[in-house]
Amino acid sequence: MAENMINKMLLVEDNRDVAGIIFDYFESRGVEIDYADNGELGLKLALENDFDVIILDLMMPRMDGLTVCKHLRENGNATPVLMLTALTGQDDTLVGFASGADDYLNKPFELSILDARLNALAKRYRGNVSCTIISIGDLRIDPASHSASRNNTPLVLTPTTFKILLKLARSAPEMVTREALCEFLWPDSEPNNEALRSHIYQLRNQLDRPFPEPMLHTIPKVGFRLEPNQ
């Protein structure tokens, strides 16, 4: 059983049977759970309250999970999101990551696996990291608040994209290999280059796209590095 890092979670799931099973399991571990059976209510609760993690079903009435997740990130909400889905296609998973999800779990699933993944997300999000501000060119990273800005413009980052940025910043100007990033992000899972590619795409959209000079550079087939703009 995973070490419990979760005090309060939001469950957004329209299947009452699945929701009941999750409720019973996590309430027995002392976790406070808020619940929504549709996407609109789930988004409202997520924006108005603080949670350690959010469990978000992909297919829901009123607003699907991808749209909920996208709105959360656009509103600057960086709470870790684990998305549940009955779909098994790789494209569906990548679309979920591109919408801002931090992890995915296919139905049916083992509760112990769900527990372990949620606790890993919560632990990474809290982060036992140094509070020293990191500066690279016009990029500023505050590990304590899990926030970053470039040229005084806040970057809207998910917990996973923030973790990638922090790893690259602490290694700069040296390169970090794809394998090292996968191991850093998912130490207990098989390397997932497709998921990494999706998270890098999200990071680049925030870090580079709005600015004239890129900072995130790809070393083809090898890895990535941060280089300050001149």
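For the pair Asn75 and Tyr201, the difference between a 0.36 nm per residue extended length and the Cα-Cα distance amounts to 43.5 nm.
In this Cβ point-charge picture (+1 for Lys and Arg, -1 for Asp and Glu), region 1-76 has a dipole of about 180 debye about its Cα centre. Shown here: region 123-184, whose C-alpha atoms stretch 32, 27, 20 Å along the first, second and third principal axes, sorted largest to smallest. Which residue, chosen from Leu121, Thr79, Ser147, occupies the Cα position most advanced towards the positive end of the dipole of the chain, where the dipole is computed from +1 (Lys, Arg) and -1 (Asp, Glu) charges on Cβ about the Cα centre? So the residue furthest toward the plus end is Ser147. For the chain, the residue among Val53, Phe211, Pro159 whose Cα projects farthest onto the positive side of the dipole built from Cβ charges is Phe211. Calculated FRET efficiency, Ala116 to Asn15, Cβ-Cβ distance, R0 = 22 Å: about 0.50 to the nearest 0.05. Calculate for the chain the 222 nm mean residue ellipticity that helices alone would give, adding -39,500 (n - 2.57) per DSSP H run of length 4 or more and normalising by residue count, nearest 500 deg cm²/dmol. So the helix-based figure for the chain works out to -12500 deg cm²/dmol. Here Ser149 and Ser28 are evaluated by their C-beta separation; at R0 = 45 Å the FRET efficiency comes out at 0.65. Note on the chain: with a GNM built from Cα contacts shorter than 10 Å, the maximum mean-square fluctuation among Leu111, Leu207, Leu185 falls on Leu111. Of the trypsin sites (Lys or Arg not before Pro) found in region 125-230, those in coil by DSSP whose Cβ has at most 13 other Cβ atoms within 10 Å are Lys221. Accessible surface of the chain, 1.4 Å probe: 49 percent of it comes from carbon and sulfur atoms.
Approximating the spin labels as points 7 Å out from Cα along Cα→Cβ, the Ile133-to-Arg170 distance works out to 2.0 nm. Charge dipole (Cα centre; +1 on Lys/Arg Cβ, -1 on Asp/Glu Cβ; no other charges) of region 126-230 amounts to roughly 160 debye.
Of the GluC sites (Glu not before Pro) found in region 150-201, those in coil by DSSP whose Cβ has at most 16 other Cβ atoms within 10 Å are Glu174. Mean separation of Cα pairs under 8 Å and 6 or more residues apart, divided by the residue count, gives region 1-72 a relative contact order of 39 percent.
In the structure shown, do any of Lys44/Lys167; Lys8/Lys123; Lys107/Lys221; Lys44/Lys163; Lys70/Lys221 have a Cα-Cα gap over 24 Å, and if so which? Over 24 Å apart, Cα to Cα: Lys44/Lys167; Lys107/Lys221; Lys44/Lys163; Lys70/Lys221. In region 128-219, Cα pairs under 8 Å separated by at least six residues give a relative contact order of 19 percent.
What is the chain's relative contact order, in percent, from Cα pairs under 8 angstrom and six or more apart in sequence?
Numbers: 378 pairs, mean separation 36.0, N = 230.
Computed over the chain, the figure is 16 percent.
As a test, work out the antiparallel percent of DSSP beta bridges whose residues both lie in the chain, rounded to the nearest 5. If we restrict to bridges inside the chain, about 45 percent are antiparallel. The charge dipole of the chain, taken about the Cα centre with unit charges on the Cβ atoms of Lys, Arg (+1) and Asp, Glu (-1), comes to about 880 debye, rounded to the nearest 20. Once the Kirkwood radius over Cα pairs is known for the chain, the Stokes-Einstein relation at 4 °C and 1.567 mPa s delivers a diffusion coefficient of 71 µm²/s.
The values are calculated or read from the model by the stated rules, or taken from the named source; none is laboratory data. Computed from a predicted structure; not experimentally measured. Quick reminder, even Gly has a Cβ in these numbers, built from the backbone with ideal geometry, and neighbours come from all protein chains shown. Keep in mind that these areas ignore ligands, DNA and RNA; they rest on the heavy atoms of the full protein, side chains included. Shrake-Rupley method; radii C 1.70, N 1.55, O 1.52, S 1.80 Å.
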